[in-house]
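The values are calculated or read from the model by the stated rules, or taken from the named source; none is laboratory data. Bear in mind the structure is a predicted one, so any value in this text is a computation, not a measurement. Glycine also receives a Cβ, built like all others from the backbone with ideal geometry; neighbour counts cover every protein chain displayed. To get the accessible areas, we keep the full protein, side chains included, count just its heavy atoms, and leave off ligands, DNA and RNA. Shrake-Rupley method; radii C 1.70, N 1.55, O 1.52, S 1.80 Å.
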Amino acid sequence: MTRSRPDRPGAQEWVPDDARVEALTEASHACRGCELWADATQVVFSTGPEDAGLALVGEQPGDREDREGEPFVGPAGRVLADALEAAGLDAGGVYLTNAVKHFRHVERGKRRLHKTPDVAHVRACLPWLEAELSVVRPRVVVALGATAARAVLGRSVRVGEVRGTLLDDAEGVRPEAAVVVTTHPSSLLRLRDRADRDAAFDALVADLRVAGAAV
């Protein structure tokens, strides 16, 4: 028997034309651009000022973000907030969003474990990212992790090879903006050794400083 493929028409049908972020957020609740909406609690769109000079793009909402409906409110969000503060950046002045707007996960008993979105999910959700960044018009976009980098740049990159570099000629979702690729703050939470965590945190802060200096 042939297994049916998930329905992934893409989000473009649900993205309103020439809409501000508030209207995009409202419209995103109806999105059926891929199958991830069915198992998620709700869509998680963005937070931050519409005129932010710096936008940070993560991978997807986590378990807590899915339950609360806001991006970066879980453990990784706390790491990111600490890193922004250490980099001398005002977290309240940064636009925060994700490449994929629904939480992809697998259930293990009562737990819901993160599962990395497929390239097809990133492509399906890309019209939302394009629309919101065309409104915000950030001067610098920070891609947090490989999935976000693929969405922002339109191609795969090795984070370790390009991180911390100001890519001011990058094509992709927002060609007018410079791009900085760095690690996702959730990766720090998986490091058990304190010295490794401290080194990874310092590297994240350094990358954010590069981005902040270019705004």
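Each stretch of four or more DSSP H residues adds -39500 (n - 2.57); spread over every residue of the chain, this sum gives -11000 deg cm²/dmol at 222 nm.
Explain nothing, just the number: dipole magnitude of the chain about its Cα centre with +1 on each Lys and Arg Cβ and -1 on each Asp and Glu Cβ, in debye rounded to the nearest 20.
For this selection, approximately 1020 debye.
Across every pair of non-identical alpha carbons in the chain, the mean reciprocal distance, once inverted, gives a Kirkwood radius of 17.3 Å. Dipole magnitude for the stretch 119-209: computed about the Cα centre from +1 point charges on Lys and Arg Cβ and -1 point charges on Asp and Glu Cβ, it is near 260 debye. Average accessible surface for the chain: 52 Å² per residue, computed with a 1.4 Å probe over protein heavy atoms with every protein chain in place.
Quick check on the stretch 53-159: of the DSSP beta bridges with both residues there, what percent are antiparallel, nearest 5%? So the antiparallel bridges amount to about 30 percent of the total. Note on Asp169 and Arg20: their simple-model spin labels are 3.8 nm apart, each label 7 Å out from Cα toward Cβ.
Looking only at the stretch 1-115, where both bridge partners belong to it, what percent of the DSSP beta bridges are antiparallel (to the nearest 5)?
55 percent
For the stretch 70-132, the calculated P(r) over all alpha carbon pairs, in 5 Å bins from 0 to the bin holding the longest distance, is 3, 14, 18, 20, 19, 15, 8, 2, 0 percent.
The phi-based Karplus calculation (6.51 cos²θ - 1.76 cosθ + 1.60; θ = phi - 60°) puts the 3J(HN,Hα) values of the stretch 113-120 at 9, 4, 10, 4, x, 6, 4, 5 Hz, whole numbers, x for Gly and Pro. Using DSSP loop states and a limit of at most 14 other Cβ atoms within 10 Å to flag GluC sites (Glu not before Pro), what is the longest stretch of the chain containing no flagged site? That would be 51-170.
Derived scalar couplings between HN and Hα for the stretch 56-61 equal 10, 10, x, 7, 7, x Hz in order, rounded to whole Hz, by the Karplus curve 6.51 cos²θ - 1.76 cosθ + 1.60 (θ = phi - 60°), x for Gly and Pro.
Here the gap between Arg192 and Arg139, fully extended at 0.36 nm per residue and compared with their Cα-Cα distance, gives a gain of 15.5 nm. Scaled against 2.2 N^0.38 Å for its residue count N, the alpha carbon radius of gyration of the stretch 147-215 is 1.16.
Relative to one another, the C-alpha centroids of the stretch 1-63 and the stretch 67-116 are positioned 15 Å apart.
Need one number: % antiparallel among DSSP beta bridges in the chain, to the nearest 5. Taking every DSSP beta bridge with both residues in the chain, the antiparallel ones total about 35 percent. Assuming charge only on the beta carbon of Lys and Arg (+1) and of Asp and Glu (-1), the dipole of the stretch 1-76 about its Cα centre is about 420 debye to the nearest 20. Panel values: the stretch 98-191, Kirkwood radius from alpha carbon pairs, Stokes-Einstein at 37 °C and 0.692 mPa s, translational diffusion coefficient 233 µm²/s. Simple rule: put +1 on each Lys or Arg Cβ and -1 on each Asp or Glu Cβ in the stretch 69-143, find the dipole, and look at Pro138, Val106, Ala120; the Cα lying farthest toward the positive end is Val106. Rounded if a/c is under 1.5, else prolate if a/b is larger than b/c, else oblate: which is the stretch 24-116, with a ≥ b ≥ c the root eigenvalues of its Cα gyration tensor? In terms of gyration-tensor shape, oblate.
Among the trypsin sites (Lys or Arg not before Pro) in the stretch 144-187, those placed in a DSSP loop whose Cβ has at most 13 other Cβ atoms within 10 Å are Arg155, Arg158.
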